[in-house]
Amino acid sequence: MVRNVDLAEELAQDALVVALLEWPKTGVPDNPGAWLMAVAKRRALDGFRRDKMRERKHKEIARTLDGIRDGAPKVIEAAIEAAMDDDLGDELLGLIFTACHPMLSPDARAALTLKVVGGLTTDEIARAFLSSEAAIAQRIVRAKKAIAKAGLTFEVPRGAERAARLPSVLEVIYLIFNEGYAATAGDDLVRPGLCLEAQRLGRMLAGLMPEDAEVLGLLALMEIQASRQKARTRPDGAFIPLTEQDRARWDHLLISRGLDALARAEALGPKAGDVGPYVLQAALAACHARARRAADTDWPRIAGLYDRLRVVAPSPVVDLNRAIAHSMAFGPEAGLRLVNEIADAAALRDYAPLPAARGDFLFRAGRLVEARSEFKAAATLTRNVRERAFLLARAEACDGQH
């Protein structure tokens with residue numbers, strides 16, 4: 001409405017401050033979201049009245065509020081909800097589609113949406129893009145300026161325009177899930193709330209677009225990955241790697257949902273070479289989900305899927321995961337050869353999983369002194385307390401094997 005991301009953020013914060021002052025005295029309203037929206041709109045209108053240079057926008061907002069400013073609360077709520085209504089049926093999902101505007105580069109729209117809509121910090125977004133915090137901050141600032149300069153109308157797209165934004169929307173939902181699944185920093189390994197919100201958005205999107213294989217693939221991937229949450233940590237919060245997890249603790253309802261979504265994606269019948277990255281990643285996750293024991297995992301198939309994924313969606317992280325898969329399928333030396341090929345990639349320079357993977361390959365190859373050094377290096381790169389403790393424990397295990 002105000003066509004300015006910074007101003008919208010300020011108005012939202014102002015509305016929350018008013019709520020903190022008013023609600024303890026008057027009670028929480030029946031529709032808190034509509035109440036906050038009404039306060040923010042009034043603040044916006046007052047601000048535009050004070051700024052003669054913004055008279056045009058003042059009139060636009062005033063028109064949306066005509067006839068309801070002095071009405072009863074229920075009337076205000078109904079008018080606000082009608083103005084925000086769209087055929088997606090979910091405000092957050094609609095906001096994500098709105099923010100993923102094609103005038104921005106794919107990276108810029110994803111970073112801005114994760115920051116403004118997803119609530120991720122600049123640091124968390126930087127980790128997702130294997131970039132520096134400063135670079136991501138500049139990317140977000142430039143995106144905000146571009147939007148303000150263009151005077152964009154923020155509205156939920158439809159038809160072909162919505163389809164064009166879908167890849168960016170899927171990326172945003174995927175990155176929100178990933179931050180929940182493996183937190184960038186802090187005392188907790190996971191942030192279940194983020195995972196649940198990403199799954200909710202994925203389920204809603206799959207209901208709206210049941211014939212889109214990549215939408216179903218992303219949903220399948222998130223459901224299967226989330227099924228392991230309870231088995232990934234010990235009672236004290238310590239990390240448990242996939243190969244050591246108690247698979248009886250996996251959520252088999254989520255696995256069933258994920259496998260069903262994957263089957264529907266594969267049934268849509270794309271040619272083998274046209275399979276998208278989310279369907280391929282879901283197929284990878286399904287290999288683990290179908291193995292009753294870690295020893296039953298079909299690692300050669302996983303290695304083959306990663307060979308295909310690096311062609312469809314090339315990235316240093318995919319190459320690293322491919323090296324891990326090949327090490328499990330064909331031995332640690334195979335993994336070392338592949339990881340050495342990407343060791344100088346700039347994006348992986350400060351990426352803890354790289355030395356952690358190399359340390360695992362060296363440990364399994366019996367090169368314990370080298371493995372200990374790699375685990376120590378990985379521990380210095382991570383800022384997640386649980387992950388650091390796990391890596392230091394692996395370094396100590398190298399001493400115990402002498």
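The values are calculated or read from the model by the stated rules, or taken from the named source; none is laboratory data. Source: prediction; values computed, not measured. Please note: Cβ atoms are built from the backbone with ideal geometry, for glycine as well, and neighbour counts cover all protein chains shown. Surface areas here come from the heavy atoms of the whole protein model, side chains and all, with no ligands, DNA or RNA. Shrake-Rupley method; radii C 1.70, N 1.55, O 1.52, S 1.80 Å.
Can you tell which of Ala294, Ala347, Ala343 is out of contact with any Pro (no Cβ under 6 Å at 6 or more places or on another chain), open to solvent by 20 Å² or more (accessible area, probe 1.4 Å) and in contact (Cβ under 8 Å) with a residue 40 or more places away in the chain?
Just one listed residue meets the conditions, Ala294.
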request  = Answer yes or no as to whether Ala334 is in contact with a helix residue (DSSP H, G or I) (Cβ under 8 Å, 6 or more places away or on another chain), modelled with pLDDT of 95 or more and open to solvent by less than 30 Å² (accessible area, probe 1.4 Å).
outcome  = yes
query = Given the residues Arg358, Arg308, Arg322, Arg301, which is the only one that is in contact (Cβ under 8 Å) with a residue 12 or more places away in the chain, assigned to a helix (DSSP H, G or I) and in contact with a Lys or Arg (Cβ under 8 Å, 6 or more places away or on another chain)?
reply = Arg322
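Residue by residue, here is whether (1) under 15 Å from the mean Cα position of the chain (by Cα); (2) among the β-branched types (Val, Ile, Thr); (3) on the phi > 0 side of the Ramachandran plot holds:
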site	(1), (2), (3)
Ile96	yes, yes, no
Cys100	yes, no, no
Arg109	yes, no, no
Thr113	yes, yes, no
Gly119	yes, no, yes
Asp123	yes, no, no
Ala126	yes, no, no
Leu130	yes, no, yes
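Step by step: first the residues of segment 126-140, then only those that are open to solvent by less than 20 Å² (accessible area, probe 1.4 Å) and within 25 Å of Val190 (Cα to Cα), then the one that is modelled with the lowest pLDDT. Which residue is that?
The residue in question is Ala126.
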query = Looking at (1) of a type outside the set (Val, Ile, Thr); (2) crowded, with 20+ Cβ neighbours inside 10 Å; (3) closer than 13 Å to Glu179 by Cα, which is the only condition Asp123 fails?
reply = (2)
task = Starting from residues that are within 22 Å of the chain's Cα centre (by Cα) and outside any loop (DSSP other than H, G, I, E, B), keep the ones in segment 227-252 and report whichever is farthest from Gly202 (Cα to Cα).
result = Phe239
